[in-house]
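What follows is one structure encoded as structure tokens, with my remarks underneath.
Please treat every number below as a calculation from the coordinates, not as lab data. Just so it is clear, the model here is predicted, and its values are computed rather than measured. Note that each Cβ is placed from the backbone with ideal geometry, even for glycine, and that neighbours are counted across all protein chains shown.
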Amino acid sequence: MLSSKRILLIIGGGIAAYKALDLIRRLRERGAMVTPVLTRAGAEFVTPLSVSALAGRKVFSDLFNLTDEAEMGHIELSRSADLIVVAPATADLIAKMAQGHASDLASTLLLATDTPVLIAPAMNVRMWHHAATQRNLALLHGDGIAFVGPNDGDMACGEHGPGRMAEVPEIMAAVRTMLSEGPLTGRRILVTSGPTHEPIDPVRYIANRSSGAQGAAIARAFATLGAEVVFVTGPATVPPPDGVQVIRVETAHEMLEAVKSALPVEVAICAAAVADWHVTSASSQKLKKTKGGLPQLTFAENPDILATVASMTSGRPKLVVGFAAETDDVIANATAKRARKGCDWIIANDVRPATGIMGGTENAVTLITADGAEEWPRMGKDQVAAQLAARVATALS
Ligand code: C5P
């Protein structure tokens, strides 16, 4: 499976572009997310509409499209992929790549990326044999670009020889080889994230300041290691990562139901900032301001999702990880919390406002396991996530 793999597919201008449509279908059937980029010449052979309909997402084609740039800059577009596939890679695109041109969106993306690139050349046989093309190909080989094809055979132009684009199954095999399995391939992992909103009435609710940034980073890090990630998120301000199954919820009760529906999983990471209480007196109509009267809210405790999962008697995940956001006696409180909740690991952090961690981009955590406390240096939330995913991969191996 290619689930959670993000592929940027650049479609160049050649008759073989029609095969790119089938390639999109096959990649998506295997679970990959395909972001298509259609060159101006490519659009002479296949329409943006058919490409985007098959990819299920918009087609990018213009370097200077400000809407695209506002939504996702070209640098991010090239970096947010696990693999870039160029099919068909025309003689012109190959020349641009070899010379480092950035004269249109496709060549700019290819120049701006540090993601592995696979190209499926397709051109007339004489163009293929031309010394200029052969020089360019040698440069690309030297740059570490991977190739699939071209094949020998009859060509649309009536000639015969090398230059036919590889067939879709061959390209799929090359893609699978390049996206070789990560250490968590085949492992199903649950991540809860974000705050919960507990309604008071249809327009008011109780919430907290969690942005969901750490949870989203964790889900992304696990997906990067090949895991199949179920991401149960409350109304976070940070968007969920690509390549994970997203289940959106509002309340703690909904989160618990979503978590139950996601089971069984091998690992559960509970990073959500679940509200401790819900309002039992929540009204189905907007509460009115009445002269001299204040609303009386009554509360009840929310289910503890982490403790519920950790105490499962059958089908308990092998590893249950919780978070402890503390403002004092971080290690002592988190160690006690680990025992109280029955989870295997606790990731403790100091969320005093002065640390800037809540809602910030960095985190300073201590990992608490049965073996004791291990302090990690302050680092970006992405790095904390990557380190955690690597630790989990080691623990499962
Ligand atoms: O008890 P406290 O909220 O400090 O515990 C934090 C940990 O427990 C986090 O991992 C959080 O996701 C989890 N939790 C939960 N359900 C709750 C409350 C907390 O899963 N109702």
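Tell me, what is the FRET efficiency for Val246 and His141 to the nearest 0.05, using R0 = 45 angstrom and their Cβ-Cβ distance as r?
Computed FRET efficiency for Val246 and His141 comes out at 0.70.
In the chain, with Lys and Arg counted as +1 and Asp and Glu as -1 at Cβ, which of these residues, Tyr18, Pro48, Thr327, has the Cα nearest the positive end of the dipole, that is, farthest along it?
So the residue furthest toward the plus end is Thr327.
Let me check I've understood the local charge: for Lys289, count other residues with C-beta under 13 angstrom from its C-beta, Lys and Arg +1, Asp and Glu -1. What total comes out? Before the final figure, lay out each step's value.
Values: positive: Arg204, Lys286, Lys288, Lys291; negative: Asp201.
With Lys, Arg at +1 and Asp, Glu at -1, the neighbours total +3.
Quick one: net charge of Asn124's neighbours, Cβ under 14 Å, K/R +1, D/E -1? Don't skip to the end; give the middle numbers.
On the way: positive: Arg126, Arg164; negative: Asp92, Asp152, Asp154, Glu159.
Around Asn124, the surrounding residues sum to -2.
List the lysines whose Cα lies under 19 Å from the Cα of Lys260, skipping any in the same chain that are fewer than 8 positions away.
Lys318, Lys341
Residues with amide H under 5 Å of Lys5's amide H, sequence separation 5 or more or different chain, H placed in the peptide plane at 1.01 Å from N; which?
Met33
If you put +1 on each Lys and Arg Cβ and -1 on each Asp and Glu Cβ, how big is the dipole of the chain around its Cα centre, in Debye rounded to 20?
700 debye
Taking K and R as +1 and D and E as -1, what net charge do the other residues with C-beta under 13 Å from the C-beta of Ala207 add up to?
Charge balance near Ala207 sits at -1.
Assuming R0 = 51 Å, can you tell me the calculated FRET efficiency for the pair Thr177 and Val203, based on Cβ-Cβ distance, to the nearest 0.05? Don't jump to the answer; show the numbers that get you there.
Numbers: r = 54 Å, r/R0 = 1.05.
For R0 = 51 Å, the calculated efficiency reads 0.40.
Whose amide H sits under 5 Å from the amide H of Asp104, counting only residues 5 or more places off or on another chain, with H placed in the peptide plane?
The list, which skips near neighbours in sequence, is empty: none.
Using 0.36 nm times the number of residues separating Arg340 and Arg378, minus their current alpha carbon distance, what extension gain do you get?
Stretched fully, the Arg340-Arg378 segment lengthens by 11.0 nm.
What is the spin-label model distance, in nm, from Met312 to Ser50 if the labels are put 7 Å beyond Cα along the C-beta direction?
Spacing of the two 7 Å Cα→Cβ label points: 4.6 nm.
Give me the number: length gained by fully extending Arg79 to Ala156, i.e. 0.36 nm times residue separation minus the C-alpha to C-alpha distance, one decimal in nm.
Value of the extension gain: 24.3 nm.
Quote to one decimal, in nm, the extra length available between Glu301 and Ser261 on full extension: 0.36 nm per residue of separation minus the C-alpha distance between them.
Difference between extended and current length: 12.2 nm.
Which FRET efficiency, nearest 0.05, do Gln285 and Thr185 yield, Cβ-Cβ r, R0 56 Å? Before the final figure, lay out the partial values.
On the way: r = 50 Å, r/R0 = 0.90.
For R0 = 56 Å, the calculated efficiency reads 0.65.
Could you order peptides 44-52, 370-378, 119-127 by the average number of other Cβ atoms within 10 Å of their residues, highest first?
Those peptides, ordered most packed to least, come out 119-127, 44-52, 370-378.
In whole Å, what are the Cα extents of the chain along the three principal axes, biggest one first?
Answer, in whole Å and largest first: 85, 55, 41 Å.
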